[in-house]
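S.K.: Below: one structure in structure tokens.
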Amino acid sequence: MIALSIRTRMLLAALLPLALVSTLLAVFFMLARFDDLQQSYQQRTRSVIRQFALASEYGLFSANEQQLQSLVMGVLREPDVRWAAVFDRGGQKLVSAGDEGGLNLLVFDAREGQTFDPQRGLDGLAQPVFSMGLSLDDLYEGGTGKRAPTLAQLGQVQVVFSRQSLEGRRHTLLGLGALIGALGLAFGLGLAAYLSRGVIRPITRVTGLIERMGRGDFAEAHAARALVQFGDPLHDLQDNLYRMADRLAFSRDDLERQVTLVTQALREKKDEAEQATLAKSRFLAAASHDLRQPVHALGMFVTRLAQLSHDAQSAQLVSQLEASVRAMQNLLDGLLDVSRLEAQAVQVKPCAFALDNLFGQLEHDLRPIASDKGLRLRIRPTSLWVISDATLVYRILLNLVSNALRYTDHGGVLLAARLTQGGQQVALQVWDTGIGIAPQHHQAVFTEFYQVANTARDRTLGLGLGLNIVQRTAELLGHPLQLTSSLGRGTRFTLTVPRAQAQPVPLLTGQPEPEPTDDLRGVPVLVIDDDDLVLTAVVSLLGGWGMQVYAALGLEQARQQLATGCLPAVIISDYRLQDEVHGIEVIERLRAQLQRPIPACLMSGDTDSGLMQAAQRAGLTLLHKPVRPAKLRSLLRHLLQDRGHRHTLPDGDLV
């Protein structure tokens, strides 16, 4: 409901009765006047049609069409007449004049007829024409009696009238009535306003003061204080309100000064925090790169050390050293996965694939872990196909099943695929009989480095990054992930993936050839890195695999190696090199010098998403340090197989 001021209420109280009475009187008189106009119009039209019928009697009787045409033209000159016509007794039109306007008149009849078209405001009238038969004395028959007059219909006249002038007079009358009413209301409003000024002026002044105070316009409120007069009936109230406005203005100014000071202090703190964040990011980026370099070299040295023969005590120390290096590599790999997901550097490549192949790979990778803990790992075979990124789905399930095995001491772990949502979706479920997760921890377990049952940070229980990576990857794929768990009874994770139609798989003939263990022996490789320690570690590891290794600290030494007859089958280059030349440029220049697309890969301790995108544009595989030796060996095999490379040793053997 609209709130009205006191002055408005008083004016309405004075005007509403006046407006109501004047409106009722105006409506009454206008309706009466409208009725008079309507009756006058109808009487005039009936008079015209009847006179037209009487005047047409002789013309119809004598069949004088010229006289009838003159008569029709005379009728057409009457006001409001649009069309006139004369019909004979058979209903045949003899003469007409004017615009009929398409009005559908009554059919030919011996009675009067009338029709009306409200859309165009046309009236159609029809009047029959009769001959007046007179009784004459028959002198020759000698009759003295008289016969009654006889009536015979000679024809019919029709006239179409327009109500345009009638409507015009009505509109004029309405306008005049509205004008008179408006003048009356204006006079009443002026009179009421004049009489109410002395009554409501103080109240209006107080209302305006409170309104200005509500808007915070205290300066204008203070300026209006001079308008208060001592004879005003609300003088004390207004004076107190003005004093309160002064106090509020002072309080507001003081508060604004304090807010300005606090805002400035917060802005300075925000700038300091942003600078600290940038410094931290630069520090972490540099520390991450500098930390990955020695860890990368350490992993290469340990792998090479494990290839050598040792006694029992030394072998145990090497095994423990390998476990420590793997723990550091797992931590750095987890941090790398999180940073790549945060930087949105992971590209999703959806396609249709069979779940059974992915399940088989998971069973091959995780069966030894389950056997070491004495757990049952059940992976149900399935014939279902889904649409997603097979690599990312594999990483999600690998993390979930590994996590389940890690926190399960008795029983086992189940991986199964079930249809859901009417067969449109596939639910990939990982069940375990482990320790379970309390309801209050269901959200927290997906945060970084959070582990419910590992407050001592035992690295054998993981790092607390697996579920965070799982959740981020599921959100990237757009697949819902659900957690259901009961403390002490086990946990179930459900990943919902769109179903795909099964596709035919080509049959493979023959048995696959076993992968050779010495397939890299004798293959020439060029290694480029500006860190002596890392370069020595990589050269030592590749040499342990039997490869023919050429080392270079930068582009110039690599060119010198090529000049001395080095023809590498594959190039391994670090990204950051000497003289501000990066590895992608070095590989391109060496390929141009050799005039052939030599297979190559990059290794770097940088985790910047821009580097990942640059490597993808260059068509190069990027390995983040520390690189696992097994991963490096697998990549070298893949690069050599893709290029169809075959290297001929001096004795003629093919590798």
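S.K.: For each of Lys270, Lys625, Lys93, count neighbouring Cβ atoms within 10 Å of the residue's Cβ, then give the residues from fewest to most.
M.R.: Lys270, Lys93, Lys625
S.K.: Within the set of other residues whose C-beta is less than 15 Å from the C-beta of Arg120, count the net charge using Lys and Arg as +1 and Asp and Glu as -1.
M.R.: Here the charged neighbours net out to -4.
S.K.: Here's something else I'd like to know. Could you order the peptides 173-180, 586-593 from most to least packed, using the average number of other C-beta atoms within 10 Å per residue?
M.R.: Ranked by mean Cβ neighbours within 10 Å, highest first: 586-593, 173-180.
S.K.: Farthest toward the dipole's positive end in the stretch 348-500, which of Phe446, Leu415, Gly478, given Cβ charges of +1 (Lys, Arg) and -1 (Asp, Glu) about the Cα centre?
M.R.: Leu415
S.K.: With 10 angstrom as the radius, rank Phe187, Phe353 by how many other C-beta atoms surround their C-beta, starting from the fewest.
M.R.: Starting with the residue having the fewest Cβ neighbours, the order is Phe187, Phe353.
S.K.: If you don't mind, another one. In what order do Ile584, Ile387, Ile528 fall by count of nearby beta-carbon atoms within 10 Å, going from fewest to most?
M.R.: Starting with the residue having the fewest Cβ neighbours, the order is Ile387, Ile584, Ile528.
S.K.: Which FRET efficiency value, to the nearest 0.05, do you get for Arg637 and Ile387 by plugging their Cβ-Cβ distance into 1/(1 + (r/R0)^6) with R0 = 41 Å?
M.R.: According to the calculation, E is roughly 0.85.
S.K.: Whole-Hz Karplus ³J(HN,Hα) for the stretch 526-531, in order, using 6.51 cos²θ - 1.76 cosθ + 1.60 and θ = phi - 60°, x for Gly and Pro?
M.R.: 10, 10, 10, 7, 8, 9
S.K.: Please list 258-266, 378-386 highest first by mean number of surrounding beta-carbon atoms within 10 Å per residue.
M.R.: Output ranking for 258-266, 378-386: 378-386, 258-266.
S.K.: Using packing as a proxy for protection, rank 536-546, 360-370 so that the peptide with the highest average count of other Cβ atoms within 10 Å comes first.
M.R.: 536-546, 360-370
S.K.: Run the simple label-point estimate for His582 and His364 please: 7 Å along Cα→C-beta, distance reported in nm.
M.R.: 3.5
S.K.: Given a Förster radius of 22 Å and the C-beta distance between Ser314 and Arg376 as r, what FRET efficiency does 1/(1 + (r/R0)^6) yield to the nearest 0.05?
M.R.: The formula returns an efficiency of 0.05 here.
S.K.: What is the sum of charges, Lys and Arg at +1 and Asp and Glu at -1, for the other residues whose Cβ falls under 14 Å from the Cβ of Gly478?
M.R.: Residues near Gly478 contribute 0 overall.
S.K.: Now for a separate question. Rg and Dmax in Å for the stretch 348-500, alpha carbons only: what are they?
M.R.: 14.9, 46
S.K.: Now for a different question. Return a whole-number percent for the relative contact order of the stretch 348-500, with Cα pairs under 8 Å and 6 or more residues apart as the contact set.
M.R.: 26
S.K.: What Kirkwood Rh does the stretch 62-104 have if only Cα atoms enter the pairwise 1/r average? Answer in Å.
M.R.: Kirkwood hydrodynamic radius for the stretch 62-104: 10.9 Å.
S.K.: Please report, in debye to the nearest 20, how large the charge dipole of the stretch 348-500 is about its Cα centre when each Lys and Arg carries +1 at its beta carbon and each Asp and Glu carries -1 there.
M.R.: For this selection, approximately 180 debye.
S.K.: Let me ask you something else. Roughly what would the spin-label model give for Val348 and Ala63, points 7 Å off Cα along C-beta, in nm?
M.R.: The two pseudo-label positions are separated by 9.7 nm.
S.K.: So, counting K/R as plus one and D/E as minus one, what does the shell of residues with Cβ under 13 Å around Arg33 add up to?
M.R.: Combined, the nearby Lys, Arg, Asp and Glu give 0.
S.K.: Using a 7 Å offset from the Cα along the Cα-to-Cβ direction at both Leu174 and Leu24, what is the distance between the two label points in nm, to one decimal?
M.R.: 2.3
S.K.: For the stretch 52-74 and the stretch 383-428, compute the distance between their C-alpha centroids and round to whole Å.
M.R.: When both Cα centres are located, 104 Å separates them.
A short reminder: the numbers here are calculations on the coordinates, not readings from a lab. Since we're looking at a predicted model, the values are computed, not measured. Quick reminder, even Gly has a Cβ in these numbers, built from the backbone with ideal geometry, and neighbours come from all protein chains shown.
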